[in-house]
Amino acid sequence: MKTAVLALMIMLLTACKTTNINTVLDHESSTQGIISGSMAWPIDGPVYNPLVFKLRSTETGQEYSLEVRPSFNVFHGKTEVQFSSNGYGGTTYALALPSGEYEFYNYSMYDLNGTTWSSRNDYSIPFNVSANQTIYLGEIKLHVKSSTDFLGADVYHGGFWTFADKHKRDLAILSKHQQNLFNENTLVNIPKNKRKFTDLVLLPSEKINHDESEK
């Protein structure tokens, strides 16, 4: 069984580079750590499918991504909603990574018209992964931008993201699958700074000042 789990982990890290966001991975390697958190999106908002939040190693350039699918896709299914509140739903994630320095650097949002929304320029929100350590990086929530056309209908045009500390909720969900990995020893380490600025991803210390309404 351990061999099969290790093989799955290696496949996720070297081939797909995208975690199945509802899968909690066993921690098999002494050179790896685990990042965890959640992603949230408006339940009744526009259909962006999938939502992809991108990260990479600043040492090797290896790219990874956190991906959710709010609506059903015949090839990939639909991401399970594990929690909901105030019009938002979300799910937790856990991803095993080699130890080292990483950064969140961009995102992708795809709508039904074939439009891809992302940051025009890569940003840099750094974090570190330590061997044999599970860290919690926070809830990553999408806030949709919208305006109104001349008929009074909502017109959606991308969005921005926020980080928030929801570790009590998220770790309680994750511990149901892997209590040995997600417990009081999990390090809560919400990103606190940006190496390269963006106003499309807001950290807890930054005030939301976007004029566009949230849906």
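The values are calculated or read from the model by the stated rules, or taken from the named source; none is laboratory data. Not measured: the values here are computed from a predicted model. As a convention, Cβ positions derive from the backbone with ideal geometry for all residues, glycine included, and neighbour counts pool all protein chains shown. Heavy atoms of the whole protein, side chains included, go into the accessibility calculation; ligands, DNA and RNA do not. Shrake-Rupley method; radii C 1.70, N 1.55, O 1.52, S 1.80 Å.
Has the stretch 103-110 got at least one residue that is of a type outside the set (S, T, N, Q) and in contact with an Asp or Glu (Cβ under 8 Å, 6 or more places away or on another chain)? Taking every residue of the stretch 103-110 in turn, at least one turns out to be of a type outside the set (S, T, N, Q) and in contact with an Asp or Glu (Cβ under 8 Å, 6 or more places away or on another chain).
Picking from residues in the stretch 161-215 that are outside any loop (DSSP other than H, G, I, E, B) and of a type in the set (S, T, N, Q), the one that is modelled with the highest pLDDT is 162.
If you go through the stretch 30-45 and keep only what is open to solvent by less than 30 Å² (accessible area, probe 1.4 Å) and not aliphatic (A, V, I, L, M), you end up with 32, 33, 36, 37, 38, 41, 42, 45. Residue 114 satisfies every condition listed in (1) part of a strand (DSSP E or B); (2) more than 26 Å from residue 202 (Cβ to Cβ) except (1).
For residue 115, the criteria (1) without any contact (Cβ under 8 Å) to a residue 12 or more places away in the chain; (2) open to solvent by 60 Å² or more (accessible area, probe 1.4 Å) hold in every case but one, which is (2). The selection criterion, being modelled with pLDDT of 95 or more and either within 19 Å of the chain's Cα centre (by Cα) or open to solvent by less than 80 Å² (accessible area, probe 1.4 Å) (or both), does not hold for residue 156.
Table: residues versus (1) at pLDDT below 85; (2) closer than 26 Å to residue 187 by Cβ; (3) among the small types (Gly, Ala, Ser).
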position: 14; (1), (2), (3): yes, yes, no
position: 55; (1), (2), (3): no, yes, no
position: 58; (1), (2), (3): no, yes, no
position: 72; (1), (2), (3): yes, no, no
position: 88; (1), (2), (3): no, yes, no
position: 94; (1), (2), (3): no, yes, yes
position: 103; (1), (2), (3): no, yes, no
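Restricting attention to the stretch 63-90, the residues being in a loop (DSSP other than H, G, I, E, B), crowded, with 16+ Cβ neighbours inside 10 Å, without any contact (Cβ under 8 Å) to a residue 60 or more places away in the chain and of a type in the set (S, T, N, Q) number 1.
Of all residues in the stretch 118-143, those being in a loop (DSSP other than H, G, I, E, B), in contact with a Gly (Cβ under 9 Å, 6 or more places away or on another chain) and open to solvent by less than 50 Å² (accessible area, probe 1.4 Å) number 1.
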